[in-house]
Amino acid sequence: MVRRLVAIWAAACRPFEFLRERLVPKVVFVSADGTETVVDSAPGVSLMLVATQNGVEGIVAECGGNCSCATCHVWVREEFLPLLGGPEDMEEDLLDLGVSERRPGSRLSCQITLTDDLDGLAVDIPPEQP
Amino acid sequence: VTDGVLIVGASQAGVQLATSLRDLGYQEPISLVGAEPRPPYQRPPLSKALLLGRVDEASLVFRASSFYADRGIEVVCGERVREIALPGGGAVGGGVATTESGRSFSFAHLALTVGARPRRLAVPGADLDGVCYVRDVDDALRLRRALGQARDVVVIGGGYIGLEAASAARSLGRSVTVVEAAERLLARSVVPIVSDFYRAAHERRGVDVRLGVGVTGLTERGGRVAAVVLSDGTELPADLVLVGIGAAPRTELAEALGLGCDGGIVVDRSARTSDPKVVAAGDCTVGPHPVTGEGRVRLESVQNAVVQAKVAAAALAGRPAPGPEVPWFWSDQYDLKLQIAGLSAGYDDHVVRGDPDTERFSVLYYREGALLAVDAVNNAADYLAVRKALATGVAIPAAEARDAGRPLKSFLVPAARSA
């Protein structure tokens, strides 16, 4: 009986799946050729991690997120910059010398911790990581 | 199927090799077989952030399973390869590898990315409860739990693993003693000034560092470790002992195949073993010095695993090998980040920039006037400048580098000086 009710409930909910899809926070990676990759955000973990685990091309992250290699460089879209705060000293030094083209929105994605507020965060991926 | 590549060892090198093969357009099947019952993950945080509870197990996983599926990479976990027969060795068709559970995998080409195992302490009492190692995630989780209850922690070995674990234990408020047989810490990899700095830094934070003394045995109480006995007769009370005395390459499969081994599986600059059908990469290998191309060195680092795996993938895919990369390495202890670029072995001169007592300084290494490497503590600017100088062949003369007030970056961009 219970199982039957659950089945009916599940069937009734199915048309609303798209809503659930829309409710899960997302982040958007835009590659150099304009291809957009949308992945589910995961509040509490780094932007780099959702990129590497989901195989976003162009985020190398060789050191695994330890602020040591500068191969997870992204250009954060301007509208999101106020939400992020600036880089700390170590990241600042890596951005200063370690990336191919530093821009105002340059960040190392391993140093950006995702939050609910960052739903829809859009970043551009440089054509090369050093 | 007798085509394709079998990669034994679901390690950093193994994952990179599989991924690079697909990036190079390799079309044949790829199987990646690992002994651990979990998807491939990164190891450096095991002795650092994982012990401190700053990251969890799930965040160590390299790739979601869909990543491998999308690229046609078969990942098999929890299967340890026991026996391998190479193609052409009398058998018809390709090679076959058999796991301990009896599964078999056929292949045309073989890659060994089997890593290393921790060297075991060989003294009486070494197998008591409370004696830990850190190599895989289970070890690290066990150590993390033990650190939660321990009072007196003794770390045997003053290398990177030992010092990182000591730093985690001390940060968690435990009483910590580090015992190192050599006369200084990190003796294999850094100059005495950096060794002395780490000794002072640990002592400032309350760690008891004992140098030049061996361990002769462990005593027990109720089946658990109770004390560490030193060669000078001292007994250090211990309810948790962490052993970090190095790692030994896993060469047994290679040896059984008759491949050349010499303190690691011997590979050439193309990451090929003594049998051209077999490549190897990562901690299990010894190969030519990555900069000079001479001799045989064993490098235990993420960077070496990654670059060797890329070279191995190119060899298997019949593509030109990627150019050499500047070796780099890092270690996190407390709020101290050590970053190393280049290889300092063989240096005949060094320059210290900044005062180690400030916990922000760097050491540049030279040989016959040429820059070899940098060890930088909380100084990413010097680390990156040297890394870039080594990659691009820019000189940073020792005499000028001595001026700590001059940013090393100015050597890279001469115009920046007059600007």
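The values are calculated or read from the model by the stated rules, or taken from the named source; none is laboratory data. Quick caveat: nothing in here was measured; it's all calculated off a predicted structure. Cβ: placed from backbone, ideal geometry, glycine included. Neighbour counts: every protein chain shown.
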Query - Residue that is farthest from A:Met90 (Cα to Cα), among those in segment B:372-389 that are surrounded by fewer than 24 Cβ atoms within 10 Å (Cβ to Cβ) and of a type in the set (A, V, I, L, M) - result: B:Leu372
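Considering every residue within segment B:344-356, establish whether at least one is aliphatic (A, V, I, L, M), within 20 Å of B:Ala391 (Cβ to Cβ) and part of a strand (DSSP E or B).
Residues of segment B:344-356 that are aliphatic (A, V, I, L, M), as a first pass: B:345, B:351-352.
Next cut, within 20 Å of B:Ala391 (Cβ to Cβ) only: B:345, B:351.
Subset that is part of a strand (DSSP E or B): B:351.
Yes.
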Report task. Scan segment B:35-59 for residues that are under 22 Å from B:Val114 (Cβ atoms), touching a Leu at 6+ places or on another chain (Cβ under 7 Å) and facing another protein chain (nearest Cβ under 9 Å) and jot them down. Result -> B:Gln42, B:Pro45
Query raised in the report: Taking into account only those residues within segment B:195-232 that are hydroxyl-bearing (Ser, Thr, Tyr) and out of contact with any Gly (no Cβ under 7 Å at 6 or more places or on another chain), which is surrounded by the fewest Cβ atoms within 10 Å (Cβ to Cβ)?
Result: B:Thr216
Query raised in the report: Can you name every residue in segment A:42-55 that is facing chain B (nearest Cβ under 10 Å) and in a loop (DSSP other than H, G, I, E, B)?
Result: A:Ala42, A:Gly44, A:Val45, A:Asn54, A:Gly55
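Where in segment B:60-126 are there strands (runs of 3 or more DSSP E), lying wholly inside it, with at least 3 residues that are away from chain A (no Cβ under 14 Å) and buried (at least 20 other Cβ atoms within 10 Å of the Cβ)?
Passing ranges, in order: B:109-112.
In segment B:55-77, which residues are in contact (Cβ under 8 Å) with a residue 24 or more places away in the chain and either among the hydrophobic types (A, V, I, L, M, F, W, C) or farther than 14 Å from B:Ser31 by Cβ (or both)? Reasoning before the result, please.
Restricting attention to segment B:55-77, the residues satisfying the condition of being in contact (Cβ under 8 Å) with a residue 24 or more places away in the chain are B:57, B:60, B:62-63, B:65, B:68, B:71-77.
Matches in segment B:55-77: B:Glu57, B:Leu60, B:Phe62, B:Arg63, B:Ser65, B:Ile73, B:Val75, B:Val76, B:Cys77.
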Requested in this report: Just need a number here: residues in segment B:215-260 that are out of contact with any strand residue (DSSP E or B) (no Cβ under 8 Å at 6 or more places or on another chain) and assigned to a strand (DSSP E or B).
Outcome: 1
Query raised in the report: Here are B:Val307, B:Val311, B:Val351, B:Val363: which of them is at pLDDT 95 or above and touching a His at 6+ places or on another chain (Cβ under 7 Å)?
Result: B:Val363
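Of the residues in segment B:335-352, how many are within 14 Å of chain A (Cβ to nearest Cβ) and of a type outside the set (A, V, I, L, M, F, W, C)?
Within segment B:335-352, the first condition is being within 14 Å of chain A (Cβ to nearest Cβ), and the residues that meet it are B:335-341.
Now drop any that are not of a type outside the set (A, V, I, L, M, F, W, C), which leaves B:335, B:337, B:339.
The qualifying residues number 3.
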Query raised in the report: Can you tell me which residue in segment B:261-283 is nearest to the chain's Cα centre (by Cα), limited to those that are surrounded by 14 or more Cβ atoms within 10 Å (Cβ to Cβ) and among the small types (Gly, Ala, Ser)?
Result: B:Gly282
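Do the conditions hold for B:Leu46, that is, is it part of a loop (DSSP other than H, G, I, E, B), buried (at least 22 other Cβ atoms within 10 Å of the Cβ), touching a residue at least 12 places away in the same chain (Cβ under 8 Å) and out of contact with any strand residue (DSSP E or B) (no Cβ under 8 Å at 6 or more places or on another chain)?
Details: part of a loop (DSSP other than H, G, I, E, B): no; buried (at least 22 other Cβ atoms within 10 Å of the Cβ): yes; touching a residue at least 12 places away in the same chain (Cβ under 8 Å): yes; out of contact with any strand residue (DSSP E or B) (no Cβ under 8 Å at 6 or more places or on another chain): yes.
Taking the combined requirement at face value, the residue does not satisfy it.
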Report summary line: Selection from segment A:65-116 of residues touching a residue at least 40 places away in the same chain (Cβ under 8 Å) and on the phi > 0 side of the Ramachandran plot yields A:Gly65, A:Cys67, A:Ala70
Query raised in the report: Out of segment B:41-58, which residues are in contact with a Pro (Cβ under 8 Å, 6 or more places away or on another chain) and closer than 23 Å to B:Ala18 by Cα?
Result: none
Report task. Only residues in segment B:400-413 that are on the phi < 0 side of the Ramachandran plot count as the first member; pair them with residues that are part of a loop (DSSP other than H, G, I, E, B) and of a type in the set (D, E, K, R), Cβ under 8 angstrom, at least 6 apart or cross-chain, and list the lot. Result -> B:Glu400/B:Arg406
Query raised in the report: Is segment B:8-20 home to any residue that is without any contact (Cβ under 8 Å) to a residue 12 or more places away in the chain and closer than 20 Å to B:Phe107 by Cβ?
Result: no
Query raised in the report: Of B:Leu253, B:Leu242, B:Leu299, which residue is hydrophobic (A, V, I, L, M, F, W, C), more than 16 Å from the chain's Cα centre (by Cα) and surrounded by fewer than 24 Cβ atoms within 10 Å (Cβ to Cβ)?
Result: B:Leu253
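Does B:Ala317 qualify as being touching a Ser or Thr at 6+ places or on another chain (Cβ under 9 Å), within 13 Å of chain A (Cβ to nearest Cβ) and not aromatic (Phe, Trp, Tyr)?
Values: touching a Ser or Thr at 6+ places or on another chain (Cβ under 9 Å): yes; within 13 Å of chain A (Cβ to nearest Cβ): no; not aromatic (Phe, Trp, Tyr): yes.
Spelling it out, it is not the case that B:Ala317 is touching a Ser or Thr at 6+ places or on another chain (Cβ under 9 Å), within 13 Å of chain A (Cβ to nearest Cβ) and not aromatic (Phe, Trp, Tyr).
Pull up segment B:357-383, narrow it to residues that are among the small types (Gly, Ala, Ser) and either assigned to a strand (DSSP E or B) or more than 11 Å from chain A (Cβ to nearest Cβ) (or both), then point me to the one that is farthest from A:Val99 (Cα to Cα).
From segment B:357-383, those among the small types (Gly, Ala, Ser) are B:362, B:369-370, B:373, B:376, B:380-381; that's our starting set.
Those still in the list that are either assigned to a strand (DSSP E or B) or more than 11 Å from chain A (Cβ to nearest Cβ) (or both) too: B:362, B:369-370, B:373, B:376.
Working: B:Ser362: 21, B:Gly369: 28, B:Ala370: 25, B:Ala373: 20, B:Ala376: 19 Å.
Selected residue: B:Gly369.
Could you tell me whether B:Arg199 is among the basic types (Lys, Arg), assigned to a strand (DSSP E or B) and more than 21 Å from the chain's Cα centre (by Cα)?
Judged against the criteria, B:Arg199 is not a match.
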Query raised in the report: What number goes with the only condition from (1) in a loop (DSSP other than H, G, I, E, B); (2) modelled with pLDDT under 95; (3) farther than 20 Å from B:Ile161 by Cβ that B:Gly53 does not pass?
Result: (3)
Report task. Say whether the condition of being buried (at least 24 other Cβ atoms within 10 Å of the Cβ) and within 23 Å of B:Ala404 (Cα to Cα) is met by at least one residue in segment B:314-329. Result -> yes
Query raised in the report: Does segment A:62-77 hold any residues that are in a loop (DSSP other than H, G, I, E, B), buried (at least 24 other Cβ atoms within 10 Å of the Cβ) and more than 9 Å from chain B (Cβ to nearest Cβ), and which are they?
Result: A:Cys72
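Restricting attention to segment A:87-113, which residues are assigned to a loop (DSSP other than H, G, I, E, B) and either within 11 Å of chain B (Cβ to nearest Cβ) or surrounded by fewer than 20 Cβ atoms within 10 Å (Cβ to Cβ) (or both)? Explain how you work it out, then say what you get.
If we filter segment A:87-113 for residues that are assigned to a loop (DSSP other than H, G, I, E, B), which is where we start, we get A:87-88, A:99-105, A:112.
Correct list: A:Pro87, A:Glu88, A:Val99, A:Ser100, A:Glu101, A:Arg102, A:Arg103, A:Pro104, A:Gly105.
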